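Asker: Take this structure, written in structure tokens, and hold onto it; I'll ask about it next.
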Amino acid sequence: MMLYICLAFAVFGASTAQDIGSICHSNRLQHTEDQVIERIVQMMNTDFDSVISRKEVLVFFAELMGIQLGGLINLVNDMTNEQLLEAAAGVSIEKESFSHAWHARFHDNYDFVYATFDRFDINDDGLINALEIEAIVNSALAHGDKNHDGKLETEELVTFLESIYKNC
């Protein structure tokens, strides 16, 4: 648990050569920040409740990386968070692949996507792995879990994404 807290702190306080605070959001299709955020939340919230589970976040990123879970999704749903992280331990996506996939899906400007990737690449190895994705969830909770229930509600995810998308 302490590792997750440290990772969340590192993500939330991280700054890189291409600091996200210095790159304003822009979108190839002129989608606003709110439109992109709404689409991200809709794609993550696969069970249409008001809570974004860690599993939904990991599945979202797996699909973004081109990993089709198919029938494995039922196994994923039965796993604890620890089991899920262990199963996904070797899975990662490199910066260029992530950036192209994100741009293709959400049409955000590459400079913005690169800076966002750099913010979440905690160990600066050019990859985002399952632990770093978990750190994104923990960072979102640290940033916006207003009712302190340890659950990432959709409104709390929106608040976290706004801190990234509306930083200018």
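Asker: What do you reckon, is Asp108 in contact with a strand residue (DSSP E or B) (Cβ under 7 Å, 6 or more places away or on another chain) and either surrounded by 20 or more Cβ atoms within 10 Å (Cβ to Cβ) or within 23 Å of Phe48 (Cα to Cα) (or both)?
Answerer: Yes; evaluated as a whole, the condition is true for this residue.
Asker: Now for a separate question. Out of the stretch 123-153, which residues are assigned to a helix (DSSP H, G or I) and either more than 13 Å from the chain's Cα centre (by Cα) or surrounded by fewer than 19 Cβ atoms within 10 Å (Cβ to Cβ) (or both)?
Answerer: Leu131, Ala142, His143, Gly144 - these are the residues of the stretch 123-153 that are assigned to a helix (DSSP H, G or I) and either more than 13 Å from the chain's Cα centre (by Cα) or surrounded by fewer than 19 Cβ atoms within 10 Å (Cβ to Cβ) (or both).
Asker: Please specify each residue of the stretch 24-52 satisfying the condition of being surrounded by fewer than 14 Cβ atoms within 10 Å (Cβ to Cβ) and either under 14 Å from Glu63 (Cβ atoms) or touching a Lys or Arg at 6+ places or on another chain (Cβ under 7 Å) (or both).
Answerer: If the condition is that a residue be surrounded by fewer than 14 Cβ atoms within 10 Å (Cβ to Cβ) and either under 14 Å from Glu63 (Cβ atoms) or touching a Lys or Arg at 6+ places or on another chain (Cβ under 7 Å) (or both), then Gln42 is the only one that fits.
Asker: Asp145 versus (1) under 13 Å from Ser92 (Cβ atoms); (2) without any contact (Cβ under 8 Å) to a residue 60 or more places away in the chain: which is the lone unmet condition?
Answerer: The single condition Asp145 does not satisfy is (1).
Asker: Scan the stretch 49-75 and report the pairs whose first residue is closer than 26 Å to Asp121 by Cβ and without any contact (Cβ under 8 Å) to a residue 12 or more places away in the chain and whose second residue is in a helix (DSSP H, G or I) and charged (D, E, K, R), with Cβ atoms within less than 9 Å and a gap of 6+ or a chain change.
Answerer: If the second residue must be in a helix (DSSP H, G or I) and charged (D, E, K, R), the pairs left are Leu69/Glu63.
Asker: Failed condition for Thr32, given (1) over 25 Å from Asn167 (Cβ atoms); (2) without any contact (Cβ under 8 Å) to a residue 12 or more places away in the chain; (3) of a type in the set (Val, Ile, Thr), with all others met?
Answerer: The single condition Thr32 does not satisfy is (1).
Asker: How many residues does the stretch 89-122 contain that are within 14 Å of the chain's Cα centre (by Cα), of a type in the set (Val, Ile, Thr) and not in a helix (DSSP H, G or I)?
Answerer: Of the residues in that region, 2 qualify.
Asker: Name the one entry in Glu96, Glu156, Glu162, Glu86 that is in contact with a helix residue (DSSP H, G or I) (Cβ under 8 Å, 6 or more places away or on another chain), surrounded by fewer than 17 Cβ atoms within 10 Å (Cβ to Cβ) and acidic (Asp, Glu).
Answerer: Sole residue among the options that is in contact with a helix residue (DSSP H, G or I) (Cβ under 8 Å, 6 or more places away or on another chain), surrounded by fewer than 17 Cβ atoms within 10 Å (Cβ to Cβ) and acidic (Asp, Glu): Glu162.
Asker: Follow-up question, since we're still on this one. Can we say Ala130 is touching a residue at least 60 places away in the same chain (Cβ under 8 Å) and either in contact with a strand residue (DSSP E or B) (Cβ under 8 Å, 6 or more places away or on another chain) or within 19 Å of Arg54 (Cβ to Cβ) (or both)?
Answerer: yes
Quick note: the coordinates plus some simple rules give every number you see, no bench work behind them. All values reported here derive from a predicted model rather than from experimental measurement. So basically every Cβ, Gly included, is an ideal-geometry build from the backbone, and we count neighbours across all protein chains shown.
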